[in-house]
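K.L.:
What follows is a structure written as structure tokens; I'll ask about it next.
The values are calculated or read from the model by the stated rules, or taken from the named source; none is laboratory data. Note that the structure is predicted; figures quoted are calculated from it, not measured. Cβ atoms come from the backbone with ideal geometry, glycine included; neighbour counts cover every protein chain shown. Heavy atoms of the whole protein, side chains included, go into the accessibility calculation; ligands, DNA and RNA do not. Shrake-Rupley method; radii C 1.70, N 1.55, O 1.52, S 1.80 Å.
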There are 4 protein chains.
Amino acid sequence: MGDLGRLQVGIIGASGYGGVQLVRLLKDHPQIEVVYLGGESSAGKRFSDIYPHLAHCIDLKIEAIDLDIIAERCQVVFLSLPNGLACEMAPKLLEKGCKVLDLSADYRFSNLETYSSWYGVERSDEQVATTAVYGLPELYRDRIANAQLVGCPGCYPTASLLALSPLLKQGLIQPESAIIDAKSGTSGGGRQAKTNLLLAEADNSLAAYGVAHHRHTPEIEQICSELAGHEVMIQFTPHLIPMVRGILATVYATLRDPGLVRDDLITIYQAFYRSSPWVKILPSGTYPQTKWAAGTNLCYIGIEVDPRTDRVIVMSAIDNLMKGQAGQAIQCLNLMMGWEETLGLPQLAFYP
Amino acid sequence: MGDLGRLQVGIIGASGYGGVQLVRLLKDHPQIEVVYLGGESSAGKRFSDIYPHLAHCIDLKIEAIDLDIIAERCQVVFLSLPNGLACEMAPKLLEKGCKVLDLSADYRFSNLETYSSWYGVERSDEQVATTAVYGLPELYRDRIANAQLVGCPGCYPTASLLALSPLLKQGLIQPESAIIDAKSGTSGGGRQAKTNLLLAEADNSLAAYGVAHHRHTPEIEQICSELAGHEVMIQFTPHLIPMVRGILATVYATLRDPGLVRDDLITIYQAFYRSSPWVKILPSGTYPQTKWAAGTNLCYIGIEVDPRTDRVIVMSAIDNLMKGQAGQAIQCLNLMMGWEETLGLPQLAFYP
Amino acid sequence: MGDLGRLQVGIIGASGYGGVQLVRLLKDHPQIEVVYLGGESSAGKRFSDIYPHLAHCIDLKIEAIDLDIIAERCQVVFLSLPNGLACEMAPKLLEKGCKVLDLSADYRFSNLETYSSWYGVERSDEQVATTAVYGLPELYRDRIANAQLVGCPGCYPTASLLALSPLLKQGLIQPESAIIDAKSGTSGGGRQAKTNLLLAEADNSLAAYGVAHHRHTPEIEQICSELAGHEVMIQFTPHLIPMVRGILATVYATLRDPGLVRDDLITIYQAFYRSSPWVKILPSGTYPQTKWAAGTNLCYIGIEVDPRTDRVIVMSAIDNLMKGQAGQAIQCLNLMMGWEETLGLPQLAFYP
Amino acid sequence: MGDLGRLQVGIIGASGYGGVQLVRLLKDHPQIEVVYLGGESSAGKRFSDIYPHLAHCIDLKIEAIDLDIIAERCQVVFLSLPNGLACEMAPKLLEKGCKVLDLSADYRFSNLETYSSWYGVERSDEQVATTAVYGLPELYRDRIANAQLVGCPGCYPTASLLALSPLLKQGLIQPESAIIDAKSGTSGGGRQAKTNLLLAEADNSLAAYGVAHHRHTPEIEQICSELAGHEVMIQFTPHLIPMVRGILATVYATLRDPGLVRDDLITIYQAFYRSSPWVKILPSGTYPQTKWAAGTNLCYIGIEVDPRTDRVIVMSAIDNLMKGQAGQAIQCLNLMMGWEETLGLPQLAFYP
């Protein structure tokens, strides 16, 4: 039955890190009530069996996934599932009138061929997919406000695109010169037990992975191409960092106009993000620490110009589970509901 | 008095991380005996007052620095001091017949103006400085073998140059396209108490620093220019990683011949480093973890080519205190003494 | 001038970890406005010069400490200073009508001789000190509600006393058998640069410190004695853990009645803390993770009985900067103002 | 065929952390050659497929386990397998003349009923089991020297027993007062992927586990009882620490003679371990850091007496994979072969 007046929200795939962040954040959201948690392997368990520390706040069972029942009880559904599952559920939920926010890659691509070739999943929901909006509010605020289906961006693309967008949109760089060297905490790999994510393996070590082949590459390129007005190839290299949370994207690009100095670019970025409450442009000479964003939906951006090489170096820091995942999804929902973009989302970092 | 037949070695600046690594490594070296430890702030203390866990192995006092006495007792002196101090001691030690290995920046530059403009230290030892050899054995093995004074490379330049050298030497890349995105554990910052290196600050966080201005830039450029045969500008960005040891350099460059594939480059690197026992080229598709090098003098190199962008991405991993500092200095000494390059240095990682 | 109707609050010693937590938490508190930040070494700086990531929220300068001015502007003052300074400021602030919450050890002791012998500070404010209330709401809720001056407990005593109190109050254990083996993240050591708190030193390592001599011992004993009704000696050993935040206290004690089983004790603890919203007793067989409390004002308690040894083992987990410091101070202020004890304090952990 | 004159050694279960430590250490051992690596799930792979960083040193395939073949090729076999498997292999290997060192719990118990009730494994090799020697050289040097089958101690028992033995052997404490609060890095949990050992879960957190029920309890008690001369019950609590390696055991016990002071006990411990090169008693007021032992086979012991409570607090630090596992096994082998106890084992820590 729930709290009258509050938006009734469900989460399918509640037991992973995306799920637990959504639950935590939505619990503190003044306009939302979480009325349904769904899962497959965890169906039947109480949410607090998996996360005992939330027992005092969340008294819900994880239920088996029955889309009819979900649609009856929820006005909005978050899908936090492995790639290839959302596209089988979203069409039905939409048909029944739910708004859907998908945290997987399924609805991030306007071109399903790109999706299929990088993700190896065949799709039959092309019509629905074309209605999906890419959930990066700083670029697509208006589209999101009118969407029924939002494909929330990946964590790396969020950090990368927020760093690159002003440069590409305003034609300030040679697009093909862009290199994104990204670094992520291990929570980006999810809560599944994998050997390489063990503390004994990942702590006190550092490595690149998916070099030249990571699936977030075409997602970044899709938006960069749209911003640049033509097809753009981007170099993207992710690294696994011995920390739990946080992404830092260090972005390199060659300036078209070598006369631009750091403060010019800071001014340009400030203007570009003037209406974006979740992006903070740092003052001259200050570079972002991922820790500054921990637990918040913020993206901190630092800018440097190397006059010796005519390159701009942009560093963007986010919390990969917040602005990079669950926080951004709620930011999108705020827009879809006509609420303040900042509603219910933390903006003061868990620091130190 | 010392062990007859062993080389009598002294370390000035024994109390920092460079010093303690030297002490540990030299203790296990079959041809060397450490007979002198010197320091300023720590003079008068026993070495084991600072490092109690080494009391059973090292029974030396840290003595005040008297170059005459040092030169009498030592055939070889390692200088592990802040920048700007070695250049005041090395000339006298050399004059008295010692071989000198300096771990600071003082003797890394063939052009002292470059040194002075980046380090802010005026120098009057130009004649001595011109006799110094840059201590990167993989490039300058012969020069080192004949040197009396070796300026040991910085940790970042070591990782960066080992990754870049084959490409530059053989003209495979556009030199000005080279970007080095480097990541280091916090021990690179030394053992001095600084707020930003506190665990509470640096753990679970990540940031770039010295962007476009780090002092290792001209050092890297000097050697790159020599390899390329003309002046080269390099983009170099260091990052502080929440781990104790290790450097990973991720190097990007545009290939001159877009027809080159990954396996071509692996073959080229293997040939280039054929006589270099401390460099290991990884097989196709394997990228180095810094943990693999921990505690060893090894450099692991992984190579990827992105045929979409015509870029090569080279990743090199070292232990910043070993191949990046004390281990490399001993490797140089081995060469100077005509010993096996691998003598007394560990090659099996402390793993996990 | 401030927000009409909100409580005007000042913080002296705003630049350390206690200060930054207070600022962050008070910023989100619905009834409070921070109108003054004071400091010595940092006077004149903007708060955002020290913590750039809070620039969008906190636009205050750190001012030199002038008690007259502070008392004019603030109804409540938090003191977050090294030991021995609060006792020189609190009397004057109280005299001028401020409520004072001190985060140091200065007002934790009912017996100033104990304080002086452990802290080496002579005191002349005995009269004021006797009016101070020990700020552990779970034990002294009523006293705090009526206090003008609260001495907020140390981080270790908070975790230790919440674990021990039900046992001592109800005479369930032999008090002299109690052993507290406590483990803390390094942020407990503050933001001052100290060598032993460097990431390179403290990470991937573990050690006890202050064994048999730590200053939190007499603080714990004072309250334990009051609960037991007679003088009690406690064994307390703190350890430094390679993590930023969190305390786990593992408490051992011999049961008076060996017939008591785990579930009996769980029931007793639940009853003891029934009116304490910030203490959560975990179900049978579940032990607390410090991570569960991270960022919240909660204390999680797990209980085990070993029928082989007739010992009870109680584990309590808190965030040392929240329930162990700033959060608890605000919980006290809530009580002093007659507000809900939970007002404005986070209860959903920053997890993972 | 192997190196003539060297001892031919095999390792069954080579792919886990115990295995990789054995391989690394034995590689550097002057009297040993590793000629066989065996495994089940990894059979058929090259060792360097699992550990690419060792490719330059170890060129062996992991073979399926055929005891006949192993016994033909190896004079000594290390078993590094899950509990319950060694007891099926050791009898046959012994029968064929091999010396066997087992790293599991299978041969640690003189009483197989204790083993079976705590480990849930039925055993039919009682006769063989009674010939097994408990592989803690500091207590059983002579027995080990004459053994064909050694059951190497667990990591926690090693740290615990080295801390407790002098006290129990010399009747200095009330045995039933002994409490062991032990803390271990996560590599103690092995290389199997488990959710609770993920960096995202285990980092920046801390918890006890197996409270009052951990399987190392009866192992510790068995040796303590032998030392005390009567049945002894011990309180043992392990904790998971956010670090890769290391164990610290903090041991509490009540002194029988309250007149004993710290320096008395230090003298007693020094005498007790006089012939034990791998145990180092720290000077007054110095407590061990686990980092000091990292990578070595050393155990550092610090001692404190609390005259207020008449308790002794002993802290022992080891590297759980070295003195706590593989290093100790090799120390045992050294004894079995009549070699120096220190042969081939590192004693200078990987520090920092």
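K.L.:
Can you find even one residue in segment D:36-58 that is open to solvent by 20 Å² or more (accessible area, probe 1.4 Å) and of a type in the set (S, T, Y)?
P.N.:
yes
K.L.:
Taking the condition of a type in the set (G, A, S) and surrounded by fewer than 16 Cβ atoms within 10 Å (Cβ to Cβ), does A:G120 pass?
P.N.:
Values: of a type in the set (G, A, S): yes; surrounded by fewer than 16 Cβ atoms within 10 Å (Cβ to Cβ): yes.
Spelling it out, A:G120 is indeed of a type in the set (G, A, S) and surrounded by fewer than 16 Cβ atoms within 10 Å (Cβ to Cβ).
K.L.:
Taking the conditions exactly as written (within 25 Å of B:M337 (Cα to Cα), in contact with a Phe, Trp or Tyr (Cβ under 9 Å, 6 or more places away or on another chain) and either surrounded by fewer than 23 Cβ atoms within 10 Å (Cβ to Cβ) or touching a residue at least 12 places away in the same chain (Cβ under 8 Å) (or both)), does B:P137 satisfy them or not?
P.N.:
When the stated conditions are applied, B:P137 passes them.
K.L.:
May I pose another question? Is it the case, given these coordinates, that B:V9 is among the hydrophobic types (A, V, I, L, M, F, W, C) and either over 23 Å from D:H29 (Cα atoms) or part of a strand (DSSP E or B) (or both)? Show your work before the answer.
P.N.:
Details: among the hydrophobic types (A, V, I, L, M, F, W, C): yes; either over 23 Å from D:H29 (Cα atoms) or part of a strand (DSSP E or B) (or both): yes.
Judged against the criteria, B:V9 is a match.
K.L.:
Moving to a separate point now. Against the definition (in contact with a strand residue (DSSP E or B) (Cβ under 6 Å, 6 or more places away or on another chain) and open to solvent by 10 Å² or more (accessible area, probe 1.4 Å)), how does C:R108 come out, yes or no?
P.N.:
Judged against the criteria, C:R108 is a match.
K.L.:
What single numbered condition from (1) open to solvent by less than 30 Å² (accessible area, probe 1.4 Å); (2) touching a residue at least 60 places away in the same chain (Cβ under 8 Å); (3) small (G, A, S); (4) in contact with a strand residue (DSSP E or B) (Cβ under 7 Å, 6 or more places away or on another chain) fails to hold for D:G18?
P.N.:
Result: D:G18 passes all but (4).
K.L.:
Considering D:L335, D:L321, D:L348, which residue is in contact with a Lys or Arg (Cβ under 7 Å, 6 or more places away or on another chain), in contact (Cβ under 8 Å) with a residue 40 or more places away in the chain and more than 14 Å from chain B (Cβ to nearest Cβ)? Lay out the reasoning, then the answer.
P.N.:
Values: D:L321 fails: more than 14 Å from chain B (Cβ to nearest Cβ); D:L348 fails: more than 14 Å from chain B (Cβ to nearest Cβ).
Testing whether each residue is in contact with a Lys or Arg (Cβ under 7 Å, 6 or more places away or on another chain), in contact (Cβ under 8 Å) with a residue 40 or more places away in the chain and more than 14 Å from chain B (Cβ to nearest Cβ) leaves just D:L335.
K.L.:
While we're looking at this one, here's another question. Might you let me know whether segment B:146-156 holds any residue that is surrounded by fewer than 19 Cβ atoms within 10 Å (Cβ to Cβ), under 20 Å from the mean Cα position of the chain (by Cα) and farther than 24 Å from B:G189 by Cα? Steps first, answer last, please.
P.N.:
At the first step, the residues of segment B:146-156 found to be surrounded by fewer than 19 Cβ atoms within 10 Å (Cβ to Cβ) are B:146, B:148.
When the remaining residues are screened for being under 20 Å from the mean Cα position of the chain (by Cα), the result is B:146, B:148.
Then keep just the ones that are farther than 24 Å from B:G189 by Cα; that gives B:146, B:148.
Checking segment B:146-156: at least one residue is surrounded by fewer than 19 Cβ atoms within 10 Å (Cβ to Cβ), under 20 Å from the mean Cα position of the chain (by Cα) and farther than 24 Å from B:G189 by Cα.
Each row is one residue, and each column tells you yes or no for (1) under 24 Å from the mean Cα position of the chain (by Cα); (2) at pLDDT below 95; (3) outside any strand (DSSP E or B).
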position	(1), (2), (3)
A:L25	yes, no, yes
A:H29	yes, no, yes
A:E33	yes, no, no
A:L37	yes, no, no
A:H53	no, no, yes
A:C57	no, yes, yes
A:D68	no, no, yes
A:E72	no, no, yes
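K.L.:
Right, next: Checking C:S205 against (1) within 11 Å of chain D (Cβ to nearest Cβ); (2) part of a loop (DSSP other than H, G, I, E, B); (3) over 30 Å from A:A200 (Cβ atoms), which test does it fail?
P.N.:
(3) is the only condition that C:S205 fails.
K.L.:
Something else now. Could you tell me whether any residue of segment B:123-130 is in contact (Cβ under 8 Å) with a residue 40 or more places away in the chain, in contact with a strand residue (DSSP E or B) (Cβ under 6 Å, 6 or more places away or on another chain) and of a type outside the set (S, T, N, Q)?
P.N.:
No, that holds for no residue.
K.L.:
Ok, one more. Limited to segment B:240-250, what total is found for residues that are of a type outside the set (S, T, N, Q), in a strand (DSSP E or B) and facing another protein chain (nearest Cβ under 10 Å)?
P.N.:
Here is the first cut: in segment B:240-250, the residues of a type outside the set (S, T, N, Q) are B:240-249.
Restricting the remaining residues to those that are in a strand (DSSP E or B) gives B:240, B:247-249.
Pick out the ones that are also facing another protein chain (nearest Cβ under 10 Å) and you get B:240, B:247-248.
Qualifying residue count for the region: 3.
K.L.:
In segment A:293-312, which residues are within 10 Å of chain C (Cβ to nearest Cβ), surrounded by fewer than 24 Cβ atoms within 10 Å (Cβ to Cβ) and outside any loop (DSSP other than H, G, I, E, B)?
P.N.:
Correct list: empty.
K.L.:
Do we find a residue being outside the structural domain of A:Y119 (by TED's automatic domain parsing) and over 28 Å from B:E304 (Cα atoms) anywhere in segment A:228-245?
P.N.:
Just the residues of segment A:228-245 that are outside the structural domain of A:Y119 (by TED's automatic domain parsing), to begin with: A:228-245.
After this cut, where a residue has to be over 28 Å from B:E304 (Cα atoms) as well, the list is A:229.
Yes, segment A:228-245 has at least one match.
Residue-by-condition table, conditions (1) assigned to a strand (DSSP E or B); (2) open to solvent by 10 Å² or more (accessible area, probe 1.4 Å); (3) more than 8 Å from chain B (Cβ to nearest Cβ); (4) in contact with a helix residue (DSSP H, G or I) (Cβ under 9 Å, 6 or more places away or on another chain):
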{"position": "A:Q192", "(1), (2), (3), (4)": "no, yes, yes, yes"}
{"position": "A:G210", "(1), (2), (3), (4)": "no, yes, yes, yes"}
{"position": "A:H214", "(1), (2), (3), (4)": "no, yes, yes, yes"}
{"position": "A:C224", "(1), (2), (3), (4)": "no, no, yes, yes"}
{"position": "A:L227", "(1), (2), (3), (4)": "no, yes, yes, yes"}
{"position": "A:E231", "(1), (2), (3), (4)": "no, yes, yes, yes"}
{"position": "A:A253", "(1), (2), (3), (4)": "yes, no, yes, yes"}
{"position": "A:G259", "(1), (2), (3), (4)": "no, yes, yes, no"}
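K.L.:
I've got another one for you. In segment D:313-348, what residues are at pLDDT 95 or above, among the hydrophobic types (A, V, I, L, M, F, W, C) and part of a loop (DSSP other than H, G, I, E, B)?
P.N.:
Listed by number, the residues that qualify are D:L321, D:M322, D:M337, D:W339, D:L343, D:L345.
K.L.:
Now, a different point. Given the condition within 14 Å of chain C (Cβ to nearest Cβ), free of Cβ contacts under 8 Å to residues at least 40 places away in the same chain and open to solvent by 20 Å² or more (accessible area, probe 1.4 Å), answer yes or no: does some residue in segment A:63-84 qualify?
P.N.:
Quick first cut of segment A:63-84, residues within 14 Å of chain C (Cβ to nearest Cβ) only: none.
No, segment A:63-84 has no match at all.
K.L.:
Output the residues belonging to segment A:267-285 that are within 14 Å of chain B (Cβ to nearest Cβ) and either within 17 Å of A:Q174 (Cα to Cα) or open to solvent by less than 30 Å² (accessible area, probe 1.4 Å) (or both).
P.N.:
A:L282
K.L.:
Shifting gears a bit: Report the residue count in segment B:157-190 for those that are open to solvent by less than 10 Å² (accessible area, probe 1.4 Å), of a type in the set (S, T, Y) and out of contact with any Cys (no Cβ under 9 Å at 6 or more places or on another chain).
P.N.:
2
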